[in-house]
Amino acid sequence: MNNKITFLILSGSTKEYIDPVRYITNESSGQMGSAIAEAATKKGYEVVFVSGTARVMPKNVKVVNVITALDMFKATKSSFKEADIIIGAAAIVDYRPLVVSKHKIKKDCSNIIMSLKLKQNPDIIKYCGQNKKNQVVAGFALETEDLIPNALIKLKKKNLDLIVANGIETFNSKNATVSIVTSDMVLEIRNKKKNIIAEKIINETVRIFKSISPCKNDH
Ligand code: C5P
């Protein structure tokens, strides 16, 4: 039996195709998820890294590449049971087109207003929170107002053990100010490099994991 602490880290953004050449996505660079994965491997933990599209990828980590939110959900479910700590740092696109056109959609119907029917994607980290068994599940909350109250609402709603709350200014930047929020503490980390923040996130999740599963080895 593998007695090492195993992380499952979700990172990058998803792409939701409209037709073979067009898609919906977002600006996530994957920097934070990548820094978290590197911090975990540096400490000797096992890492399964599920990555959507990203400009930044971690070194020395086994990567499972995915494209859509449904792919990410499938990859998550297949590694979920073996993971001790799951961290959802991915910017998953919330809605996907209801129908993906097999062929490039023509633009010759310019006199009509086109509408795109969307379907909600599964909330992957909520699934992890609701199905965890002696596991620690952590997520992120990007908020433009009422940062901590909104993060606490998400913590509860998704049954997470920890949430990293940050403002919009951390998107795509090297440094960040974040708050690590659990049900009984708020730890603010001001203007630090993402690898420093990543190390704190690893330490906090491992601390919580050891409090529920003291027998598992550190390395
Ligand atoms: O609800 P909101 O999208 O703000 O929550 C952010 C957290 O939920 C992040 O950890 C993100 O990775 C995760 N999430 C998810 N599946 C979605 C949407 C968000 O796992 N469909």
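Okay, here's what the table says:
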{"quantity": "Every pair of residues 6+ apart whose Cβ atoms lie under 7 Å, when the first sits in region 47-60 and is in contact (Cβ under 8 Å) with a residue 40 or more places away in the chain and within 17 Å of V93 (Cβ to Cβ) while the second is surrounded by fewer than 18 Cβ atoms within 10 Å (Cβ to Cβ) and among the polar types (S, T, N, Q)", "calculated": "S51/N65; T53/T25"}
{"quantity": "N131 vs. criteria of a type outside the set (V, I, T), touching a Phe, Trp or Tyr at 6+ places or on another chain (Cβ under 8 Å) and away from the ligand (no atom under 12 Å from the Cβ)", "calculated": "yes"}
{"quantity": "Which listed residue, of K59, K4, is among the basic types (K, R) and under 23 Å from L160 (Cα atoms)", "calculated": "K4"}
{"quantity": "Of the criteria (1) within 12 Å of the ligand (Cβ to nearest atom); (2) more than 24 Å from L70 (Cβ to Cβ), which one N121 fails", "calculated": "(2)"}
{"quantity": "Subset of region 204-219 [modelled with pLDDT of 95 or more and surrounded by 13 or more Cβ atoms within 10 Å (Cβ to Cβ)]", "calculated": "E204, T205, V206, I208, F209, K210"}
{"quantity": "Candidate set: region 133-184, residues that are closer than 25 Å to S213 by Cβ and at pLDDT below 95; chosen: the one surrounded by the most Cβ atoms within 10 Å (Cβ to Cβ)", "calculated": "S183"}
{"quantity": "Residue match in region 102-118 (condition: within 15 Å of the ligand (Cβ to nearest atom) and either under 27 Å from R22 (Cβ atoms) or aliphatic (A, V, I, L, M) (or both))", "calculated": "yes"}
{"quantity": "Sole residue being exposed (fewer than 14 other Cβ atoms within 10 Å of the Cβ) and more than 17 Å from the chain's Cα centre (by Cα), chosen from K62, K104", "calculated": "K104"}
{"quantity": "Selected residue (criterion: nearest to the ligand (Cβ to nearest atom)) from residues of region 67-83 that are of a type outside the set (S, T, Y) and surrounded by 22 or more Cβ atoms within 10 Å (Cβ to Cβ)", "calculated": "A69"}
{"quantity": "Which numbered condition V93 misses (of (1) surrounded by fewer than 22 Cβ atoms within 10 Å (Cβ to Cβ); (2) farther than 19 Å from N166 by Cα; (3) aliphatic (A, V, I, L, M))", "calculated": "(2)"}
{"quantity": "Residues of region 134-146 that turn out to be farther than 23 Å from Y23 by Cα and within 12 Å of the ligand (Cβ to nearest atom), as a count", "calculated": "7"}
{"quantity": "Number of positions in region 1-34 that are of a type in the set (V, I, T), within 20 Å of the chain's Cα centre (by Cα) and farther than 16 Å from I125 by Cβ", "calculated": "4"}
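Conditions tested, residue by residue: (1) within 21 Å of F80 (Cα to Cα); (2) among the charged types (D, E, K, R).
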position	(1), (2)
R96	no, yes
H103	no, no
D123	yes, yes
K126	yes, yes
K133	yes, yes
L142	no, no
T177	no, no
T182	no, no
I202	yes, no
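The values are calculated or read from the model by the stated rules, or taken from the named source; none is laboratory data. Keep in mind that what you see is a predicted model, and the values were worked out from it rather than measured. Note that each Cβ is placed from the backbone with ideal geometry, even for glycine, and that neighbours are counted across all protein chains shown.
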